[in-house]
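Below: the structure, in structure tokens.
The values are calculated or read from the model by the stated rules, or taken from the named source; none is laboratory data. Predicted model, so just to flag it, every value in this text is computed and none were measured. Every residue, glycine as well, gets a Cβ built from its backbone with ideal geometry; the counts of neighbours run over all protein chains shown. Keep in mind that these areas ignore ligands, DNA and RNA; they rest on the heavy atoms of the full protein, side chains included. Shrake-Rupley method; radii C 1.70, N 1.55, O 1.52, S 1.80 Å.
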Amino acid sequence: GILGIQGIIAYEWRVAIGEKTVSLEEFKKLTDLKIPLVKIRGQWVELHPEDIEKAITFFETHKKSEMFLGEALRLGLGQEQSPVGLPVVDIEGEGPFKEFLDALLHSTVTPVEQPSSFSGTLRPYQLRGLSWLSFLGQYNLGACLADDMGLGKTIQIIALLLHEHNHNPTLVICPTSVVGNWYKEIERFAPSLKVMVYHGPDRKADNFSSDAHTYDVIITTYSLARRDEHQFSGIEWEHIILDEAQKIKNPWTQQAQAIRKFKAQNRIALTGTPVENRLSELWSIIDFLNRGYLGAQKEFHKKFALPIERYHSPHHSEALKRIVQPFVLRRLKTDSSIIKDLPEKMEMKVFCNLTEEQATLYEAVVREMLEKIDNSEGIQRKGLVLSTLMKLKQVCNHPAQFFHDSSTLHDRSGKLARLEEMLDEALSEGDRALIFTQFKEMGTMIQSYLQEQLDCETLFLHGGIPQKQRDAMISRFQENKAPLFVLSLKAGGLGLNLTAANHVFHFDRWWNPAVEDQATDRAYRIGQTQNVQVHKFVCIGTVEERIDEMIEQKKELAQKIIGTGEAWITEMSAHDLKQLFQLRKEMGGF
């Protein structure tokens, strides 16, 4: 019986000669012939004495006949070198194990039907996702559903809960911003499920353990999973489902460590970005799902992270992809075989000039900070680099943001002027737009400026907005009562459905493609009927343009496995930092 990644399987080694495999006994008979050319099942093959020697040595030192399922998969899929230098080329199964292995490695899982109690219609790719989740669950194997944003990861999970008729409750852990969304989606698609929201000051902490078993689903937040760890750790959960699972990307945080202790039959991670910055994040998610499958973190770093991140090794990238693929299901909206009824998404850079005031400020900041950076080292140097980056972003946005002085906004920022022009044109066509900024202060300025200049209601959502007011804003925008919606990237970057928008503006750049794409997907998701235009603002000749160029150069690797944050900038040499920060007037700085 295969129960989890630690399930024990019986095995035997075979030798691959040409395209055929032979047992140890057959191999010895062939080598006893002591001829270089042998005929195996109609095929002539040349045998090299050194390979024969290696194979015999290998068999003599590897006689155990049982291993963990995870170890077998790592060996067979990773195609590693054996200790004697012969490669491991494949893994095959016999009998019932062959059926399991074929389904696992080639996604030939038995289709399941949509549960009769599911209120709605699952799309074909969602039914395939349900079947895949159900298959892995049968064997207590953890699954990472990494579908593109907007493809309906939540409803695939809801369908799974209805399909399985679980005896124990399921625990859903998610960001605070999507607690209400989970409750509403279950209420809509699975009204037969009894749900408890364990959140807020009125949460039912007393008798939680006994009360939990009277519910089908308990929804809570990451912060409460840590704070009320004792409440959750005493229950045997049917499923633990992590929504936005990148929240446990650092396995050493108290939050991640608390969640790892919870007991469950099955574990499922939902994320559109299984890797944001480093491969260690992927390790953390997979290790949560299938403990020990990728080995210890140090071993993983040495075997995969280092060769891929530092040396861009295609061999190691392919090997890692093969190893994790059985447990990660990712479909993209742009794949027409997945979904045919989404409109197009058009992305474009909007290059803005600095005003003379901005350019003067920019040069003053660079001059002052480069001198400080030159005379610092270690943690202090990293802090100075990041603070310089932050100050230059503020200058590129607007001098008033840099000075924090509530001064006049008009005619002082190239970006703000361009945003006004483009929104004026969009509004004249009856369009609606989302405007993302990573700064709450800048969001407030944009909101007041647009309302005054364009004479239209502009909403602003940030982390300090209460849930009730937040829901009212979303409804107002979706019901066409307000055409412009400014959002702080952290508060509005996930968990929202804002398909009323057909324009998305990134006023200042996060410089992480995964994070920006998540924000864009508030509009470009299922339910969108219009083409979506995405505008990414970049100030010409500044650090914004230089980093944008560097991200473009790295994008191919980022799309394969690795994302790009901002911490890498702190490792640059003094010369590279100077090139990065300095204003290039020949590029039309102002």
If a residue must be assigned to a helix (DSSP H, G or I), open to solvent by 10 Å² or more (accessible area, probe 1.4 Å) and closer than 26 Å to T273 by Cα, how many such residues does the range 232-247 contain?
2
Check E46, E26 and return the single one that is at pLDDT 80 or above, touching a strand residue (DSSP E or B) at 6+ places or on another chain (Cβ under 7 Å) and open to solvent by 20 Å² or more (accessible area, probe 1.4 Å).
E46
L409 meets each of (1) in contact (Cβ under 8 Å) with a residue 40 or more places away in the chain; (2) assigned to a helix (DSSP H, G or I) with one exception, condition (2)
Matching entry among E452, E441 (being free of Cβ contacts under 8 Å to residues at least 12 places away in the same chain and open to solvent by 60 Å² or more (accessible area, probe 1.4 Å)):
E452
For L434: the one exception among (1) in a helix (DSSP H, G or I); (2) farther than 26 Å from T570 by Cβ; (3) touching a helix residue (DSSP H, G or I) at 6+ places or on another chain (Cβ under 9 Å); (4) of a type in the set (A, V, I, L, M, F, W, C):
(1)
Just the residues that are in contact with a strand residue (DSSP E or B) (Cβ under 8 Å, 6 or more places away or on another chain), hydrophobic (A, V, I, L, M, F, W, C) and open to solvent by less than 10 Å² (accessible area, probe 1.4 Å), please, taken from the range 197-231.
A212, V217, I218, I219, A225
Note down all Cβ pairs under 6 Å where the first residue falls in the range 458-483 and is farther than 18 Å from L423 by Cα, the second is part of a helix (DSSP H, G or I) and open to solvent by 30 Å² or more (accessible area, probe 1.4 Å), and they're at least six residues apart or on different chains.
H462/K440
Select from the range 305-343 the residues that are polar (S, T, N, Q), under 20 Å from the mean Cα position of the chain (by Cα) and within 30 Å of N531 (Cα to Cα) and list them in ascending order.
T334
In the range 94-109, is there at least one residue being of a type in the set (K, R) and farther than 21 Å from V324 by Cα?
no
So for the range 4-12 (the condition being over 29 Å from Y293 (Cα atoms), outside any strand (DSSP E or B) and of a type in the set (V, I, T)), does at least one residue qualify?
no
Being assigned to a helix (DSSP H, G or I) and open to solvent by 70 Å² or more (accessible area, probe 1.4 Å) is the filter here, so list the residues in the range 304-313 that pass it.
R310
Assuming W252 fulfils every condition listed in (1) exposed (fewer than 15 other Cβ atoms within 10 Å of the Cβ); (2) in a helix (DSSP H, G or I) apart from one, which condition is it?
(2)
In the range 255-290, residues that are in a strand (DSSP E or B) and over 29 Å from L306 (Cβ atoms) total 5
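So that you can scan it fast, the table gives a plain yes or no per residue for (1) open to solvent by 50 Å² or more (accessible area, probe 1.4 Å); (2) over 30 Å from I5 (Cβ atoms); (3) not hydroxyl-bearing (S, T, Y):
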{"site": "H315", "(1), (2), (3)": "yes, no, yes"}
{"site": "V324", "(1), (2), (3)": "no, no, yes"}
{"site": "R331", "(1), (2), (3)": "no, no, yes"}
{"site": "T334", "(1), (2), (3)": "yes, yes, no"}
{"site": "K349", "(1), (2), (3)": "yes, yes, yes"}
{"site": "T355", "(1), (2), (3)": "no, yes, no"}
{"site": "V366", "(1), (2), (3)": "no, yes, yes"}
In the range 109-138, how many are under 25 Å from the mean Cα position of the chain (by Cα), closer than 18 Å to I338 by Cα and of a type in the set (S, T, Y)?
2
All-but-one check, I446 against (1) open to solvent by 10 Å² or more (accessible area, probe 1.4 Å); (2) in contact with a Leu (Cβ under 8 Å, 6 or more places away or on another chain), failing number (1)
Consider only pairs whose beta carbons are under 8 Å apart and that are at least six residues apart or on different chains; among these, list those whose first residue lies in the range 518-547 and is within 19 Å of Q478 (Cβ to Cβ) and among the basic types (K, R) and whose second residue is assigned to a helix (DSSP H, G or I) and open to solvent by less than 10 Å² (accessible area, probe 1.4 Å).
R522/G492
